[in-house]
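One structure is given below, encoded as C-alpha cells.
The values are calculated or read from the model by the stated rules, or taken from the named source; none is laboratory data. Being a predicted model, the structure only gives us computed values, none of them experimental. Neighbour counts are summed over all protein chains in view; Cβ atoms, including those assigned to glycine, are modelled from backbone coordinates with ideal geometry.
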C-alpha cells in the first residue's frame, strides 16, 4: 500500500461530500480506532497511520499536533465547523416529510 504524508491530498481521494463518511473518519481518527470504512492506528511514538477501505493509499501523520490539525482541518473545511451538526443537517435535508 502506498503511503502519503499530505493529508489534504489524501482527503481528495475519499468521498468528502458524504457527511456520514466524514463523521466516521473524524471519530476513527479522534478515538484512534477502526470502523467499517476507516482505521486509525497509533504506531511508535507520535506516529499515526490512517487507512480507508476503498482506496489503496494510507495517510501517515507524524505527531499528535499534526493529528489535531488534521481533525480541525477536516471539521472546518468539510463540515462547516461542526461534524455532528453537519451530518444532522444533511440527514434532515434528505428526509421526505
Checklist (1) at pLDDT 95 or above; (2) assigned to a helix (DSSP H, G or I) applied to residue 50, failing item: (2)
All positions within the stretch 43-54 that are surrounded by 14 or more Cβ atoms within 10 Å (Cβ to Cβ) and over 13 Å from the mean Cα position of the chain (by Cα): 47
Within the stretch 61-85, considering residues that are farther than 14 Å from residue 8 by Cβ and at pLDDT 95 or above, the one surrounded by the most Cβ atoms within 10 Å (Cβ to Cβ): 67
Residues that are over 16 Å from residue 73 (Cα atoms) and either surrounded by fewer than 17 Cβ atoms within 10 Å (Cβ to Cβ) or within 9 Å of the chain's Cα centre (by Cα) (or both), drawn from the stretch 19-38: 20, 31, 32, 33, 34, 35, 36, 38
